[in-house]
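Trainee: Pasting a structure here, questions to come.
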Amino acid sequence: MAIAEPVSSKPQPTAGPRPSGPLTEGPGSATTRARGRLRLPSFSGWTLLALVVSAVVAAPVGTVLFSLTQDSQGAWAHLAQTRLPGYLLNTAIVAAGVCSLAAVIGTATAWLVTTCDFPGRRVLSWALILPLAVPAYIAAYAYTDLLQFAGPVQTWLRTTFDWGRGDYWFPDMRTRGGAIFILTVTLYPYVYLAARTALLEQSACTLEVARTLGRGPWRAFTSVALPLARPSIAAGAALVLMETLADFGAVDHCAVDTLATGVYHTWRSLENHTAAAQLAALLLGIVALAVCVEAIARRRARHHHMSTRFQAIRRQRLGPVAAALALAVCVLPVLAGFVVPAGIFVHMAWTTGDARAAEIAIDHGQNSLKLATIAAAVAVVFAVLVAYAHRLAKGPVTAVAARVASLGYALPGTVLGLGLLIPLTFVDHRLNELTQRLFNTTPGLVLTGTVFAVLLGYQTRFLGVALALLQSAFQRVRPSLDDAARTLGASRRRLVLRVHLPMLRASVLAAALLVFVDVVKELPATLMLRPFNFDTLAVRTYQLASDERLDQAAFSALLIIALGLIPVVLLATLLAPRTRPAANGDSHGPLNRLILVD
């Protein structure tokens, strides 16, 4: 489309280069000024705030990557020759095992409760997400205590059958197999949620066509329903992979040396921050590769509901034998991932727990509640800033800022902790040198090992959770509401405070709750960044379990599980069956946008 030039009394040249002047598209022309005004919103105050938030989140990543240029004084060469091959092998085996088993269990249980009718199906449809309330390290503490040689199970076997050591075989939980089992039963709900949501959004018309072509229920599922749900299942498995790579507490208690535990032990044992950061960079590269592979696979896969007709899938009533098998398949993961760990700690707290342990747990619980409340409030504010800036100026600048701000959720806690410790320590040292020269005194550690460092780590780690929810919520607000408010004279600040936030109260509350519970459960970042003599529920439970005083940690573990039930209830509420496919051709739906955080 042609753009009219300003009227000029001077004749315009008909050939040759156009001279630069006030009537042409030179630096001072009207057209250039107009285009400059059109580009201005991309660099408004909201955009600058979003860039600042994303820069804070990206700081640990930059620190870890910068360590690759530093000299570790031979520590990295020592690690590469001795421990690194074992770290890589254990990480690969555990990650592959957990992803495979979680994908099978999550998909099978989602298919059963969505397409089949059997006794207990309605209860199991939400009970299958209960293991999300149990952190993997809590489950590891419970199972190792239950199944160890001196535990109640093996003691009962020896007493009942008069067996001695070496007379029988029993699985050892402090192995790679034990770590794979524990991580699988606590992480499979990610795949279950993704697969169930995808199946609920499929129309029965598609499956009926397959049935008319002679395919039975099993073949219709494997050839039609499963391929349609494959992108969501792959995204859920990618989340399981990232959680497995980031896990520290469970694999550490199971005595499995992975890259996540290697970062922490290199930092504590070798006291070499550079070597630990370089090991963290390797772990970060593996996580980034997993994220990229998942994103590419999901972008290339296009499995949409092509028909305009939608009919909810009719569940098939199973016979007695098939119903019993389906019930067993769905009950076992709930028992293994939630009932057994929670029951063990309830029994410990009731039989061997003492009042003093409960009092200490309550004191540490107050620390956890304070940190979680502040972190959740700050995360929601930051998420609103970034999401609103992206809404105001949809362009590459705000899109990159939002993407970078979401990357922290994929960072393992050990990588995050080390990525923050190094720059904070550097700033503290420079500050002490400056005050020593100016005032002949030093303030000590102002940033390192303080509550500020812990809260900063939480923002980097969990801002992506709140941002995913609020970005999805902002997308559901019609742009015409913004236009109407602006024509009535509302500023951008008044628009978000008086129009958007009241409409998004539920999403804001959900984001705050999810960040709150994630902070309470976070272990490695808190362990590395916390102040001295400032323990949380997660840190206290880890320390007592490491000292084989699990009975004293029972009350703390139960508090963590109880708080973890909050997002589970929220997800169970959101997991209501949909009556129509997702709008705008989005085959993942709002629930998947909630749980599948990139």
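Trainee: Would you please give the FRET efficiency between residue 363 and residue 446, computed as 1/(1 + (r/R0)^6) with r the Cβ-Cβ distance and R0 = 25 Å, to the nearest 0.05?
Mentor: The value I calculate is 0.45.
Trainee: Now for a separate question. Order 536-548, 252-264 from most to least packed using the mean count of other Cβ atoms within 10 Å.
Mentor: Listed from highest to lowest mean packing, they are 252-264, 536-548.
Trainee: Here is a follow-up. Which shape class applies to the stretch 420-477: rounded if a/c is under 1.5, otherwise prolate when a/b exceeds b/c and oblate if not, where a ≥ b ≥ c are the square roots of the Cα gyration tensor eigenvalues?
Mentor: Cα axes put the stretch 420-477 in the prolate bin.
Trainee: For the stretch 115-159, what class follows from the C-alpha gyration tensor (a ≥ b ≥ c being the square roots of its eigenvalues): rounded when a/c is under 1.5, otherwise prolate if a/b is larger than b/c, else oblate?
Mentor: It comes out oblate by the Cα gyration axes.
Trainee: Using protein chains only and a probe of 1.4 angstrom, how many square angstrom of residue 181 are accessible, to the nearest 10?
Mentor: Rounded to the nearest 10, the figure is 80 Å².
Trainee: Same structure again: Using heavy-atom solvent-accessible surface (probe 1.4 Å) with all chains present, what is the largest-first order of 359, 271, 243?
Mentor: So the residues, ranked largest to smallest area, are 271, 359, 243.
Trainee: Would you mind telling me the share, in percent, of accessible area of the stretch 411-477 contributed by carbon and sulfur at probe 1.4 angstrom?
Mentor: In the stretch 411-477, the share of accessible area belonging to carbon and sulfur is 66 percent.
Trainee: Quick check for you: with a 1.4 Å probe and neighbouring chains kept, what is the accessible area per residue of the stretch 349-417, in Å²?
Mentor: Per residue, the stretch 349-417 has an accessible area of 42 Å².
Trainee: Would you kindly state how much longer the chain becomes between residue 433 and residue 149 on full extension, computed as 0.36 nm times their sequence separation minus their alpha carbon distance, in nm to one decimal?
Mentor: That pair, residue 433 and residue 149, stretches by 96.8 nm at full extension.
Trainee: Now for a separate question. Under 13 Å from the Cβ of residue 93, count the other residues' Cβ atoms, weight Lys and Arg +1, Asp and Glu -1, and hand me the total.
Mentor: 0
Trainee: In the stretch 323-393, what percent of the accessible surface is made up of carbon and sulfur (1.4 Å probe, ligands and nucleic acids excluded)?
Mentor: The computed percentage sits at 75.
Trainee: I would also like to ask the following. Please state the shape class of the stretch 311-403: rounded when a/c is under 1.5, otherwise prolate if a/b exceeds b/c and oblate if not, all from the C-alpha gyration tensor.
Mentor: oblate
Trainee: Same structure again: Please compute the modelled spin-label separation between residue 293 and residue 503, points set 7 Å along Cα→Cβ, answer in nm with one decimal.
Mentor: Output for this residue pair reads 4.1 nm.
Trainee: Could you compute Rg(Cα) / (2.2 N^0.38 Å) for the stretch 502-573, with N its residue count?
Mentor: Normalised by 2.2 N^0.38 Å, the Cα Rg of the stretch 502-573 equals 1.32.
Trainee: Could you please state, rounded to a whole Å, how far the C-alpha centre of the stretch 423-501 is from the C-alpha centre of the stretch 172-195?
Mentor: 34
Trainee: Give me the net charge for the shell around residue 503: Cβ to Cβ below 11 angstrom, other residues only, Lys and Arg +1, Asp and Glu -1.
Mentor: +4
Trainee: On a C-alpha basis, how far is the centre of the stretch 376-410 from the centre of the stretch 514-538 in Å? Whole number, if you could?
Mentor: That distance is 24 Å.
Trainee: 5 Å is the cut-off here: which amide hydrogens, built 1.01 Å from N in the peptide plane, fall below it relative to residue 117, excluding neighbours closer than 5 in sequence?
Mentor: Close amide H contacts, sequence-distant or interchain: 316, 317, 318.
The values are calculated or read from the model by the stated rules, or taken from the named source; none is laboratory data. Because the structure is a prediction, the values reported are computed rather than measured. Every residue, glycine as well, gets a Cβ built from its backbone with ideal geometry; the counts of neighbours run over all protein chains shown. Quick note on the areas: whole protein, heavy atoms, side chains included, nothing else; ligands and nucleic acids left out. Shrake-Rupley method; radii C 1.70, N 1.55, O 1.52, S 1.80 Å.
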